[in-house]
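First up is the structure itself, then whatever we jot down about it.
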Amino acid sequence: MKTLVESIAQELLDAEKRQYSVDPLTQRYSELNVSDAYRIQLEVIDKKLKLGQKVIGKKVGLTSAAMQQMLGVNEPDYGHLLNDMKIADGETVKLADFISPKVEAEIGFILDRDLVGPNVNYLDVLLATKYVVPTIEIIDSRISEWKIKLVDTVADNGSSARVVVGTKLSTIDGLDLRTQGMVFYKNKELVATGSGTAALGHPAQAVAWLANKLHEFGIHLKAGELILPGALTGAIAVKVGDVISAQFGPLGTVSVTFE
């Protein structure tokens with residue numbers, strides 16, 4: 001299995017580097033389970049770290065009941081955020097750098113101290129939060145035509161690609177992140193609305209799930225990391241020329257343009 005894990009990890013790395021897709025892993029390797037998929041993800045990340053990249057945070061995916069039902073799972077998944085994934089608010093990115101990108105809006109958490117599972121709850125997360133920040137996650141799949149099951153997306157680093165980070169940092173004093181609203185625009189047209197409750201009922205609950213899940217792999221959330229707790233709406237496909245913006249009321253706005 002170790003050889004297979006390394007082989008698939010290299011295949012996914014090559015696909016990402018050269019912007020091509022591969023056939024679903026679950027169609028080719030029926031023996032793979034979710035634990036194997038996380039080992040593949042960690043192998044991918046290890047290879048990237050050896051090339052000089054750095055982990056800047058983590059992300060939670062599949063937090064909505066609809067997405068879980070679609071993939072036939074009963075829990076979220078996670079991925080790693082690396083320094084070369086971070087995009088500044090308002091920047092332009094090249095569509096050619098991706099295979100089939102989509103965008104999601106999320107309330108990002110910046111931690112003030114480490115969170116170590118297995119018994120983290122959402123109050124622990126709130127106490128450990130330094131700031132929240134508006135973000136747009138650009139997701140992409142190295143799996144052909146997004147024909148993914150849980151094993152596919154977990155191995156593929158949670159279908160991570162980029163994260164656009166807003167400039168406004170807000171403390172959580174007086175905020176109700178569960179009811180915090182967001183409006184999503186594509187080329188100045190409203191395409192979706194959402195609220196914090198979409199992320200496992202409360203974004204901090206999703207971060208707590210992540211801290212506890214990571215404990216299974218000897219990993220924890222670190223002070224200073226950016227944590228994405230899950231999308232507040234469904235993913236939106238993008239094409240050349242699209243301008244995407246997410247407005248989070250008092251938390252601020254974040255935008256990105258595709259060329």
Legend entry - Output for region 118-144, where each listed residue is open to solvent by 10 Å² or more (accessible area, probe 1.4 Å) and of a type in the set (Gly, Ala, Ser): 144
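Quick one: would you say residue 81 is hydrophobic (A, V, I, L, M, F, W, C) and over 15 Å from the mean Cα position of the chain (by Cα)? Spell out how you get there, then give the answer.
Details: hydrophobic (A, V, I, L, M, F, W, C): yes; over 15 Å from the mean Cα position of the chain (by Cα): no.
When the stated conditions are applied, residue 81 does not pass them.
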Legend entry - Residues of region 143-177 satisfying the condition of being closer than 20 Å to residue 17 by Cβ and basic (Lys, Arg): 162
Inset, instruction - Within region 238-251, count every residue that is open to solvent by 10 Å² or more (accessible area, probe 1.4 Å) and not basic (Lys, Arg). - result: 8
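Touching a residue at least 12 places away in the same chain (Cβ under 8 Å) and open to solvent by less than 10 Å² (accessible area, probe 1.4 Å): does that describe residue 183? Walk me through how you get there before you give the answer.
Working: touching a residue at least 12 places away in the same chain (Cβ under 8 Å): yes; open to solvent by less than 10 Å² (accessible area, probe 1.4 Å): no.
No; evaluated as a whole, the condition is false for this residue.
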Legend entry - Criterion violated by residue 211 - all others in (1) over 16 Å from the mean Cα position of the chain (by Cα); (2) closer than 20 Å to residue 112 by Cβ satisfied: (1)
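Please verify whether residue 22 is under 19 Å from residue 213 (Cβ atoms) and of a type in the set (Val, Ile, Thr), treating the condition exactly as stated. Full working, then the answer.
On the way: under 19 Å from residue 213 (Cβ atoms): no; of a type in the set (Val, Ile, Thr): yes.
Considered against the rule, which asks whether it is under 19 Å from residue 213 (Cβ atoms) and of a type in the set (Val, Ile, Thr), residue 22 comes out as no.
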Inset, instruction - Select from region 14-26 the residues that are assigned to a helix (DSSP H, G or I) and either touching a Lys or Arg at 6+ places or on another chain (Cβ under 6 Å) or of a type in the set (S, T, N, Q) (or both) and list them in ascending order. - result: 15, 16, 26
Inset, instruction - Scan region 16-31 for residues that are without any contact (Cβ under 8 Å) to a residue 24 or more places away in the chain and either farther than 15 Å from residue 149 by Cβ or surrounded by 15 or more Cβ atoms within 10 Å (Cβ to Cβ) (or both) and report the count. - result: 2
Legend entry - residue 184 in contact with a helix residue (DSSP H, G or I) (Cβ under 9 Å, 6 or more places away or on another chain) and aromatic (Phe, Trp, Tyr): no
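Answer with yes or no whether residue 200 is touching a residue at least 12 places away in the same chain (Cβ under 8 Å) and either open to solvent by less than 20 Å² (accessible area, probe 1.4 Å) or of a type in the set (Lys, Arg) (or both). Step through it out loud before you land on a result.
Values: touching a residue at least 12 places away in the same chain (Cβ under 8 Å): yes; either open to solvent by less than 20 Å² (accessible area, probe 1.4 Å) or of a type in the set (Lys, Arg) (or both): no.
The answer is no for residue 200.
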Inset, instruction - Taking residue 164 as the residue in question, decide whether it is farther than 23 Å from residue 125 by Cα, buried (at least 18 other Cβ atoms within 10 Å of the Cβ) and of a type outside the set (Phe, Trp, Tyr). - result: no
Inset, instruction - Please give the number of the condition residue 10 fails out of (1) open to solvent by 60 Å² or more (accessible area, probe 1.4 Å); (2) under 12 Å from residue 156 (Cα atoms); (3) in contact with a strand residue (DSSP E or B) (Cβ under 8 Å, 6 or more places away or on another chain); (4) of a type outside the set (Lys, Arg). - result: (3)
Inset, instruction - Would you be able to say whether some residue in region 227-237 is farther than 11 Å from residue 104 by Cα, modelled with pLDDT of 95 or more and either in contact with a His (Cβ under 7 Å, 6 or more places away or on another chain) or open to solvent by 10 Å² or more (accessible area, probe 1.4 Å) (or both)? - result: no
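The values are calculated or read from the model by the stated rules, or taken from the named source; none is laboratory data. Keep in mind that this is a model prediction, so the values were computed, not measured. With ideal geometry, Cβ positions are generated from the backbone for all residues, glycine too; neighbour counts draw on all protein chains shown. Side chains included, ligands, DNA and RNA excluded: accessible areas come from the protein's heavy atoms. Shrake-Rupley method; radii C 1.70, N 1.55, O 1.52, S 1.80 Å.
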